[in-house]
Structures are given as structure tokens and as C-alpha cells.
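J.: The structure under discussion is supplied below as C-alpha cells; questions concerning it will follow.
All of the numbers you see were taken from the coordinates with simple rules; none came from a lab. It should be emphasised that the depicted structure is a prediction, and the values quoted were computed from it without experimental measurement. As a convention, Cβ positions derive from the backbone with ideal geometry for all residues, glycine included, and neighbour counts pool all protein chains shown.
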């Protein structure tokens, strides 16, 4: 019997970092960078970066729950970004870079709240997943297409390396 795929929507700073990490994770089918949680109906990169839309840069992760649990996704999420810094990840500053989990059902909310409670000083927001807006095409697989771009080398690459080092059993073959 074939299992139905599930969704996870997470924000932890720049979506290029999250996409680069989760696209390497066993059980993940697709990762899409985008925007969620704001009040603007048709956000774009420029408006979200301006910090006035209320949206966060996020990734929507489609995964196979027979191969990967939501808890495992959140373990990696909390390990690769700083959930204790409000509206900031490294040099990326503003509410668009906040730590946020957009849950899709009551079970995801329960797991997210349990895991956040175990982290001293966590400021991660836990909110119901509203409309997801895919980012512009040029953001997709940004790290894969631009591995030598300075931001990718100094910000994205260390997160990918941290994931690969700390979660070797979760890497795609």
C-alpha cells in the first residue's frame, strides 16, 4: 500500500539554507522556497525582504511519512538554525527571517510545541499554516546553482556541512 505524502512548512532564516539542507534528507520528495504567515496576498522577494508584508521566508517540504517523521524533520530544523534569536539568523535581520513552524494539523502542532519546550530560550513561533506562496523561480535550488556565490559559501554551506556531519544516517543515497 502506498503512503500519502505529508507537508512541513518551516522558517529559520534564509530559505536558501533550509532548502539546501532538506533537499539532501532521506524521505524528502520536494522542497519549495516561498513565503508564509503574512498579510500580503501576492508577496514577492523584494516586498518580503522589505519586512513590511508580515511573511517569513520559509520552505514547504513534501515528504514520505513512511520514510521520515515530522519529529525527525524538526530535529534537523532546530539543529541547523538558532531558535533562540528573535527575528534574526546571522546577518539576516528582520521578521522575515524569524524562526517559525507552520503546522498543518493538530499532531504537528503537538510535536512542535513539545520540541520547542525542550529548548531553553526558544522564540520559535508555532502557527497554523496559512496560504503558502512559492518564491520566484530563480530562488529554486539556489545553492545548487550558485555554490560559489559568497553568501552560499559563507552562510548556506556551513549549515549543509553541519547537517551532513550531525545527521549522516538521514542523507539521501
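J.: Got a sec? How would 81, 104 order by Cβ neighbour count within 10 Å, fewest to most? Before the final figure, lay out each step's value.
T.: Details: 81 24, 104 15.
Arranged by neighbour count, lowest to highest, 81, 104 become 104, 81.
J.: Using only Cα atoms, figure out Rg for region 90-173 and give it as a multiple of 2.2 N^0.38 Å.
T.: 1.32
J.: How big is the chain by the Kirkwood estimate over distinct Cα pairs, in Å?
T.: Averaging 1/r across every pair of different Cα atoms and inverting gives 16.0 Å.
J.: Would you mind estimating how fast region 46-91 diffuses translationally, via Stokes-Einstein at 20 °C and 1.002 mPa s with the Kirkwood radius over Cα pairs, in µm²/s?
T.: For the chosen part, D equals 165 µm²/s.
J.: Right, something else. Between residue 173 and residue 71, with labels modelled 7 Å along Cα→Cβ, what's the label distance in nm to one decimal, could you check?
T.: 2.6 nm
J.: Roughly what percent of Cα-Cα pairs across region 11-99 reach past 18 Å? Don't jump to the answer; show the numbers that get you there.
T.: On the way: 1677 of 3916 pairs.
Within region 11-99, distances greater than 18 Å cover 43 percent of Cα pairs.
J.: Under a plain spin-label model, where a point goes 7 Å from the Cα along Cα-to-Cβ, how far apart in nm are residue 149 and residue 64?
T.: Between residue 149 and residue 64, the simple spin-label model gives 3.1 nm.
J.: Take every DSSP beta bridge with both residues inside the chain and express the antiparallel ones as a percent of the total, to the nearest 5.
T.: Once the DSSP bridges in the chain are tallied, antiparallel ones form about 85 percent.
J.: Below 8 Å between Cα atoms, with a sequence gap of 6+, how large is the relative contact order for region 44-173 in percent?
T.: 24 percent.
J.: Tell me, 151, 143, 35 in order of fewest to most beta-carbon neighbours within 10 Å? Write out the running numbers ahead of the final one.
T.: Details: 151 17, 143 21, 35 26.
With the sparsest Cβ surroundings first, the list reads 151, 143, 35.
J.: What FRET efficiency, computed as 1/(1 + (r/R0)^6) with R0 = 22 Å and r the Cβ-Cβ distance, is obtained for residue 117 and residue 164, rounded to the nearest 0.05?
T.: It comes to 0.20.
J.: Where is the GNM fluctuation largest for the chain (alpha-carbon springs, 10 angstrom cutoff): 51, 34, 11?
T.: So, out of 51, 34, 11, the one fluctuating most is 51.
J.: Sorted from fewest to most neighbouring beta carbons within 10 Å, what does the list 111, 61 look like?
T.: Fewest-to-most ranking of 111, 61: 111, 61.
J.: Region 134-173 to region 13-60: how many Å between their Cα centroids?
T.: 14 Å
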